[in-house]
Amino acid sequence: MLQTHALTASYGQFKALFGIDLHVAPGECVAIIGANGAGKTTLLRSISGVLRNAPGMVTHRGTPIGALSADAVLQRGIAMVPEGRKLFPSLTVEENLMIGGQVRRGDGRWTLDTVYALFPILRERRLSPGTALSGGQQQMVAIGRALMSNPEVLLCDEISLGLAPVVIRDIYAALPRIRETGAAVVIVEQDISRALSVADRVYCVMEGRVTLTGAPAGITRDAVHAAYFGNAA
Amino acid sequence: MQISVTTRTRASTIAGIAALALIGLGLILPAFASRSVIQDLFFILTLLTLAQLWNLIAGYGGMVSIGQQAFVGIGAYAMFAGVILWGWDPIAAIPLGLGAALVLAVPMAFFAFRLQGAYFAIGTWVIAEVTRLLVAQWKTLGGGTGTSLPREATADIWGVKAIAALLGLRDAAARDVLAYWLALAMAVGTMAAIYILLRSRNGLALAAVRDNDNAARSVGVDAARLKWAVFLSAAAMTGMVGALIFLQTARISPDAAFSVTTWTAYVIFIVVIGGIGRLEGPIIGVLVFWGLQTAFADYGSWYLFSLGLIAIAVMLFAPRGLWGLFTDRTGIALFPVQRRLTTTSQGDSRNG
Amino acid sequence: MIWLDTIVQGLLLGGLYALFAAGLSLVFGIMRLVNLAHGDLIVFAAFLILVVVQMTGLNPFLGALIAAPLLFAFGWLVQRVVLNRVLGKDILPPLLVTFGLSIALQNGMLEVFSADSQRLRAGPLESASVDLGPVTVGIMPLLTFASAVMVIFALNQIFYRTALGRAFRATSDDPVTASLMGINPASVFAIATGLAMVTVTIAALFLGMRSNFDPSIGPARLIFAFEAVIIGGLGSLWGTLLGGAIIGVAQTVGAQINPEWQILAGHLAFLAVLLVRPRGLFPRAVD
Ligand SMILES: Nc1ncnc2c1ncn2[C@@H]1O[C@H](COP(=O)(O)OP(=O)(O)OP(=O)(O)O)[C@@H](O)[C@H]1O
Ligand SMILES: [Mg+2]
């Protein structure tokens, strides 16, 4: 359904991605792992349209979308939870959620009410400025905000970054309920075992290239280690 | 393998020699050039100096001031005050322009340096307006309508008689030659000073200050002191140029001396059309500006209308100016200030 | 009594300055754009209303109603075609482009409309006044002030109560993340500038009915407008109204002391406020 074809990306002179091939099937959960600076965020930014590419490098249901702007990509049903949460400081929690729902596909399941049902604490804090919340709560807002557009694919960049283990558990507990709606989920995750436990398939990225891919069941610790750090081990 | 740091390039060596030759030519030019050429060159040289100074504070120092007309105006008025109130010779009164601009620049910097970005720009403009309004209250210098230099004062300016005798000119033409020589000296002096500053350690520090105050501080650059020094010296020099410009016109009014359009908007156009943040930029810019003015001045407002549109077009299509376009194509820099690494060895196969 | 009158007149004059400033405040608040052509755009709008009035024989209020959509379209287009391309961290490119626009507008108007002073005729309204006990105030200044309050109120409602306003604030916070929400920052900015041009039309209407105008008066209006915006604080619309009032009162008080000090007093008030509060009276917490 969503596919990249020899996707490359660069920041000025610096090349960050060298021909990534990745695909996501409807309803699937795909994890992307890799060391710091491997290019995971760059990959999600390229798919979501923050970074523009040649049209054919990213396709969605067969349509080239690589050159579309981020707002056009969202309208096709691909939403992103950006790294670092990026809530809007001038907006309240509820407004942050509403702005996520400004462009909605069809009349899907996600509304303010269902997001509040998923993360009840947000209802209590709905009138606070988004950035007045704790890190975990902010992460919930960021996920809820992306869901509000009823996406077909949800791209999540490091939703556990800097959070306490209990909070991470709460956030990951929401994942199955998100998948119930039929949305495919792509998560970027530093915590390898967590990634392996939730994903249907895993991609490991190193220095801008895919070094390992497959279902978690078929992947050994050693293989991950090699894919992560190169073949030095 | 030996690595050395240099700022010199072959183009720059040639440019250096050519510059010296040009200065020499400029000095002896009045011996054979017509009076209108001298007047045009005076116009070009003074605008060039103003443009270099604005380029210094904004292009290199990151201080985008739109209040430089304050220094032109106060410098010009100080010179007039020296002549009219105290009977000084106009030439002797020119340094008064420098002093007055410096005195104004201190409170202006004190105030404006507390402001950021757009606030800095607007703040400097408002201070210039305040200065204009205050000067317009100065009744002995003509108040809001302005005044002229008295004939006795312009009749025997220091050196004019000598120049007239030397070149066989009438007094009025000799005055123009004198003003031209002073403008040449100011332009050359300003550019040389800026060039030396940029090539010094402080030049690097200035770039660091422009790009990031905090980062500069963390590597030990006293950002505040450097900004003060650059802003004050640019202001002082701007004041002196202002005094010279109005010495030549011999007539002054607050609106003309403190005109934001002439002394700031056009100066900014010159810098940006030529290329901001490089010494060559204002030179190209002032030539283009003068060329357009000479060719199209008869069209009056339509000319200025087009100038505005040209400035917009340059910003959209060549944001680094005409000189930027040229160096991007050719890699040539006449006044290089970047340090580049050169390797002086053959046959070293290893990567350093 | 004379001082009370002076202050009331100053407040009402502040209404005019707030009108000048409202559009600037909106644009500056949303995209940090320093629009140096704002004053000339007000004059341009006044000429456009004049042309409409002369062609149709309508009164200036109706003329402004016709001019407003045209000016919205003009603002939208300028933002789309030119300004969006120079927005960024560096304030110099937009500064230069709007300087260029300012010079082009001034001289273009000079060619087309000549340097003659013009006026929008509002009939008996121009000289009517009401007696408010201790002070007598002109209907026109009162109307100006009321319009300023209404404009600021309306902009605030849009800003804080509508989806468009949410998009304004989000884009102003972080355009990249806003685009991930399906917002197109370029078109949000274009709408903002269009809206600013509608407020410019209203400002132009009152400028033209209250005093003479000619192509050269834009920059002075720009300074008053900027002073009001900066005194109020970036992004605070009510602050802009207060800023306008402060400039207005300072000017009338200054003029009361010495008629030649009117403008000077306004500038000094601005500098004094900025000296104490470098980011204005009500700066936004986040920036
Ligand atoms: N804006 C940028 N400008 C220049 N280089 C960048 C930029 N963003 C990322 N890079 C470089 O691109 C490479 C990939 O970065 P990316 O952010 O995609 O890594 P990542 O896998 O997400 O790392 P992390 O786990 O730390 O988030 C890095 O080498 C990084 O330095
Ligand atoms: Mg990352």
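The values are calculated or read from the model by the stated rules, or taken from the named source; none is laboratory data. Being a predicted model, the structure only gives us computed values, none of them experimental. Cβ atoms come from the backbone with ideal geometry, glycine included; neighbour counts cover every protein chain shown. For the accessible areas, the whole protein counts, side chains as well, though only heavy atoms, and no ligand, DNA or RNA atoms are used. Shrake-Rupley method; radii C 1.70, N 1.55, O 1.52, S 1.80 Å.
Annotations for the structure displayed:
- Between the amide H of A:Ala16 and those of A:Ala9, A:Ser10, A:Tyr11, distances stay under 5 Å, these residues lying 5 or more places away or on another chain, with hydrogens modeled in the peptide plane.
- Between the amide H of A:Met206 and those of A:Thr211, distances stay under 5 Å, these residues lying 5 or more places away or on another chain, with hydrogens modeled in the peptide plane.
- Positive minus negative residues near A:Pro55 (Lys, Arg vs Asp, Glu; Cβ under 15 Å): +3
- A simple packing score, the average count of other Cβ atoms within 10 Å per residue, orders the peptides B:91-97, C:64-70, B:107-113 as B:91-97, C:64-70, B:107-113, with the highest score first.
- For peptide C:102-110, the mean count of partner chain Cβ atoms within 10 Å of a residue's Cβ comes to 6.
- Mean separation of Cα contacts under 8 Å (6+ apart) over length of the stretch A:1-122, as relative contact order %: 19
- 0 to 90° range, to nearest 10: angle between helix C:2-31 axis and chain C longest Cα axis: 20
- Across the stretch B:159-165, coupling constants 3J(HN,Hα) worked out from phi with the 6.51/-1.76/1.60 Karplus curve, θ = phi - 60°, read x, 5, 4, 4, 5, 4, 5 Hz, and Gly and Pro carry x.
- Shielding by partners - mean other protein chain Cβ count within 10 Å, residues of A:96-102: 5
- Taking all protein chains as shown and a probe of 1.4 angstrom, A:Phe229 keeps an accessible surface of around 120 Å².
- Debye log10 I(q)/I(0) for the stretch B:106-186, one point scatterer per Cα, at q = 0.12, 0.15, 0.22, 0.24 Å⁻¹: -0.65, -0.79, -0.93, -1.00
- Of the peptides B:16-27, C:230-241, the ranking by mean beta-carbon count within 10 Å, highest at the top, reads C:230-241, B:16-27.
- Gyration tensor (alpha-carbon) shape descriptor, the stretch C:1-89, a/c threshold 1.5: oblate
- Between the listed residues C:Leu155, C:Gly133, C:Ile217, the Cα displaced farthest toward the positive end of the dipole of the stretch C:116-220, a dipole computed from Cβ unit charges relative to the Cα centre, is found at C:Leu155.
- Looking at the protein assembly as shown alone, DSSP beta bridges between its own residues are antiparallel in about 65 percent of cases.
- Relative contact order %, chain C, counting alpha carbon pairs below 8 Å whose residues are six or more apart: 37
- Residue order for C:Arg166, B:Arg10, A:Arg105 - accessible surface, 1.4 angstrom probe, largest first: B:Arg10, A:Arg105, C:Arg166
- When peptides B:126-134, C:139-147 are sorted by average Cβ neighbour count within 10 Å, with the highest value leading, the order is B:126-134, C:139-147.
- Nearest-10 value in Å² for the accessible area of C:Phe168, using the 1.4 Å probe: 0
- C-alpha long axis of helix C:185-210 to longest principal axis of chain C, angle in °: 10
- Sequence-separation-based contact order of chain A, relative, with Cα cut under 8 Å and 6+ spacing, percent: 26
- Global geometry of chain A, whether rounded, prolate or oblate, following the gyration tensor of its Cα atoms and the 1.5 cut on a/c: prolate
- Average other protein chain Cβ within 10 Å of Cβ, residues A:153-160: 0
- Cα gyration tensor shape for the protein assembly as shown, rounded if a/c is under 1.5, else prolate or oblate: oblate
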